[in-house]
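Heads up, the thing below is written out as structure tokens.
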Amino acid sequence: ATATALAMAGCGADSSPEATPDQTTSAGTSSAALAQNLTPDETDAADPSAGPSDPEPKSETPEAPESERPALVVSEIRMGDYQGKDRVVFELDGTGVPSYTVDYADAPVQQGSGFPVEVDGDSFLQVMIGGQVLPTETDMTEIPVGLVTGDGASGVNGVYFAGQFEGLAQSVIGLDGTDRDFSAFTLQNPTRLVIDIAR
């Protein structure tokens, strides 16, 4: 049996191989989610930079001069099976390497607005990705606020993208059961944040 977590819907101001065609949910809706599956390269080898797999928070802030600060938007979210683990991939358009923080939250709520959104699960992994810019100020397209799901190969109930606020994009991953071990790392070409979650 699953519970329901409260996240928040909204947006605010303001990171690797071939990508699949864009298939995102409709902006601002809570209707049926569209499936987002891993690309072939994302079901292959792990990245050697991946850190430890445990339930502790994961965080990374790359150092870069002011002139090379990241300018990114989340363009796609995918998920699927990776060697018996659940892999969630956040693809980003733009330049630079993102900072990120990934941690479990008892009842995640979106930064900035407070409007609740249901995410099915017993435990909830919150993903905050830095270096975001407003898509209205660029020619990049950000994934709409809403729920993304995978096919039967993924043990993830869904990922809710809650938009961005003050340079941070927020997503919540809904999982069954208690907090699981996980690892997080970035890939390039295209820029991606990869999260591997134990089953």
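The values are calculated or read from the model by the stated rules, or taken from the named source; none is laboratory data. In this text, all values refer to a predicted model and were calculated from it rather than measured experimentally. Here Cβ is always computed from backbone atoms with ideal geometry, including for glycine, and neighbour counts include all displayed protein chains.
Return yes or no: is residue 154 within 28 Å of residue 176 (Cα to Cα) and in contact with a Leu (Cβ under 8 Å, 6 or more places away or on another chain)?
On the way: within 28 Å of residue 176 (Cα to Cα): yes; in contact with a Leu (Cβ under 8 Å, 6 or more places away or on another chain): no.
Criteria not met by residue 154.
Quick test for you: out of 119, 89, 109, pick the one residue that is within 20 Å of residue 191 (Cβ to Cβ) and touching a Leu at 6+ places or on another chain (Cβ under 9 Å). Step through it out loud before you land on a result.
Values: 119 fails: within 20 Å of residue 191 (Cβ to Cβ); 109 fails: within 20 Å of residue 191 (Cβ to Cβ).
Every option except 89 fails the conditions.
So which residues in the range 92-106 are touching a Leu at 6+ places or on another chain (Cβ under 7 Å) and within 11 Å of residue 173 (Cα to Cα), if there are any at all?
Passing the criteria: 102, 104.
Going through the range 81-92 one residue at a time, which ones are out of contact with any Asp or Glu (no Cβ under 7 Å at 6 or more places or on another chain), buried (at least 21 other Cβ atoms within 10 Å of the Cβ) and not β-branched (Val, Ile, Thr)?
Narrowing the range 81-92 to residues out of contact with any Asp or Glu (no Cβ under 7 Å at 6 or more places or on another chain): 81, 83-84, 86, 88, 90, 92.
In the following step, the residues that additionally are buried (at least 21 other Cβ atoms within 10 Å of the Cβ) were identified as 86, 88, 90, 92.
Once the filter is applied, which keeps residues that are out of contact with any Asp or Glu (no Cβ under 7 Å at 6 or more places or on another chain), buried (at least 21 other Cβ atoms within 10 Å of the Cβ) and not β-branched (Val, Ile, Thr), the range 81-92 yields 86, 90, 92.
Keeping to the range 50-80, report how many residues are surrounded by 14 or more Cβ atoms within 10 Å (Cβ to Cβ) and at pLDDT below 80.
Adding up the residues that qualify gives 3.
Just give me the residues in the range 109-143 being of a type in the set (A, V, I, L, M, F, W, C), under 16 Å from residue 176 (Cβ atoms) and modelled with pLDDT under 90, in sequence order.
119
Out of the residues in the range 123-143 that are of a type in the set (A, V, I, L, M) and within 19 Å of residue 102 (Cα to Cα), state the one that is surrounded by the fewest Cβ atoms within 10 Å (Cβ to Cβ). Walk me through how you get there before you give the answer.
Just the residues of the range 123-143 that are of a type in the set (A, V, I, L, M), to begin with: 125, 127-129, 133-134, 140, 143.
With the extra rule that they be within 19 Å of residue 102 (Cα to Cα), the set shrinks to 125, 127-129.
Details: 125: 26, 127: 25, 128: 19, 129: 25.
For the range 123-143, the residue satisfying everything is 128.
Cβ-Cβ below 6 Å, separation at least six or inter-chain, first residue in the range 157-180 and closer than 16 Å to residue 145 by Cα, second hydroxyl-bearing (Ser, Thr, Tyr) and assigned to a strand (DSSP E or B): which pairs?
Qualifying pairs under 6 Å: 158/149; 159/171; 161/171; 172/160.
Of the residues that make up the range 144-158, is at least one modelled with pLDDT of 95 or more, among the aliphatic types (A, V, I, L, M) and either farther than 21 Å from residue 93 by Cβ or crowded, with 23+ Cβ neighbours inside 10 Å (or both)?
no
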